[in-house]
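Please treat every number below as a calculation from the coordinates, not as lab data. Note that the structure is predicted; figures quoted are calculated from it, not measured. All Cβ positions, even for glycine, are placed from backbone atoms using ideal geometry, and neighbour counts span all protein chains on display.
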Amino acid sequence: MLGIREKQMPVLLCGLVLSGLLTSLTAASAQQQANPGVEKGLPEKPVDPGSAASQDVKQPPQEEAPQSLHLLVGRSLVITSPTRIKRVSLADPNIAEAVVVTPYQVLLNGKTPGGVSLLLWDESDQSQAFEVSVDIDVLGLSQKIREVFPSEPVQVETSKDVVMLSGKVSSAAVADKIFEVVKNSTPKVTSLMQVPVAPAGEIMLQVRFAEVNRSVVSQLGANIFHNFGSKMPFLTTTQQFAGPQLGNQQSGANNFTISDLLNVFIFRPDIDLAATIKALQQQNVLEILAEPNLMTASGKDASFLAGGEFPFPILQSSSGGGFAGITIQFKEFGVRLNFTPSLTTDGQIHLKVRPEVSSLDFTNALTIQGFFIPALSTRRVESEMDLADGQSFAIAGLMDNRVTEQLSKIPGIGDIPVLGKLFQSRNRTKSNDELLVVVTPRIVKPLSSDQIPHGPAFPKSFLGPVVPEQAKPATPK
């Protein structure tokens, strides 16, 4: 038994040696693969424990993606943090406003459309990032438009900070009003609304210029004449106005006639003294100045002028120290009318009218270097309205008030108190002119080629039918 064991001992020792050698080779191969830069068979370079390569490298923590927040203009949003907020940063305060209300809450207010970044830091310097987008309240604008214009199908859309309006509206006036409503909420508005196109056509304007003249002329005076004992009356007048015309005067006649029956005649036969007292009033009523008929296309201007031009000098400065020259220019005056008609989609006539009446005013005239330059008395009005075909409107109230008073008297005698009134005459003119403009627009349609307008109808023809004479045989010569 012992002999057997002694024979097996060398075999066991050889197996253990081979097993250790294989283990060393396997560890060396693994180390070679782990350290490819170390050559095989060479010892590794020792590493300094204080070097950077011996320290543990910490990877930076991955940043969290910013959170998205949606906010409307004029609205607010509260952001709650799980930790105490130490600092707040907002990229553009014109777009939004951040207000810290509590150590854990931030109030965010939307101001203008756009995008902005918001950062929050806590006491451990850990940050939170937010991407805030501020948009326009499209639903609010749509609801406001439906409340004001319930029958208009208008769509509201946004592109960044611009509001776009689209849809088909009933008229251009409604589109303008919708545009103004939205513009009050946001300044950048683009209108893509479709409006119906007005029909093309011609419009004729019948205009009547009338002047209501309420002028009042008052005359008061006296003429005295005496018979001088004979039967032939002789006229002695105080020359304030023309005396009466005496007729049928014959020597020895006991009567005579006076032609001016508008005067008050007083006669005392016992003293052969007569007098006429003139007390008259004149009033004017109405005067037609012009009756133009103008026709123009829809949307085009038309004008009318009935009057004239008066010259006035213009001083022209000369260069080089020479004498200044005078040029003559002309200024128009009279009855003028400017109007612009346009047809609307509902068949109405939109009319802009600018009538004007001007006249020369010699009362306020100027005299400059020998030139007598009259002034202009102008009455002008401008109006805008919608009328149906054939409807008329009147413009009145353009007043021109003037008062002129003239006193005539005999020098000396006319200044005597009480008695001097018999030798005075007053002529007072009060002018109160009112301009009246009556306008009637009409839609004019041209005739087609197969329509012939009827001419004036006469009871009988001017010339009878021409009957051709029968041919006569030629007479031989």
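Miscellaneous remarks
- Selection from ILE95, SER117, GLY74 lying farthest towards where the dipole of segment 67-135 points positive, charges on Cβ: GLY74
- Spatial separation of Cα centroids for segment 164-213 and segment 425-453, in angstrom: 28
- The phi-based Karplus calculation (6.51 cos²θ - 1.76 cosθ + 1.60; θ = phi - 60°) puts the 3J(HN,Hα) values of segment 167-182 at x, 10, 9, 6, 7, 5, 5, 5, 4, 5, 5, 5, 4, 5, 5, 6 Hz, whole numbers, x for Gly and Pro.
- Separation in nanometres of the label points that stand 7 Å from Cα toward Cβ, at LEU192 and MET164: 0.3
- The residues ARG84, ARG336, when put in order of fewest to most other Cβ atoms within 10 Å, stand as ARG84, ARG336.
- Alpha-carbon centroid distance for the pair segment 74-118 / segment 367-397, whole angstrom: 63
- Estimated inter-spin distance, GLU405 and LYS86, nm [label 7 Å along Cα→Cβ]: 9.5
- Exposure proxy shown here: for VAL403, VAL181, VAL169, the number of other Cβ atoms within 10 Å sets the order, fewest to most, as VAL403, VAL181, VAL169.
- Between LEU376 and ASP176, the FRET efficiency from the beta-carbon distance, with R0 = 30 Å, is close to 0.20.
- Computed E for ILE395/VAL99 - FRET, C-beta separation, R0 51 angstrom, nearest 0.05: 0.30
- Taking the number of Cβ atoms within 10 Å of each Cβ as an exposure proxy, the fewest-first ranking of HIS70, HIS454 is HIS454, HIS70.
- Taking Cα centre as origin and charging only the Cβ of basic (Lys, Arg, +1) and acidic (Asp, Glu, -1) residues, the dipole magnitude of segment 168-213 rounds to 280 debye.
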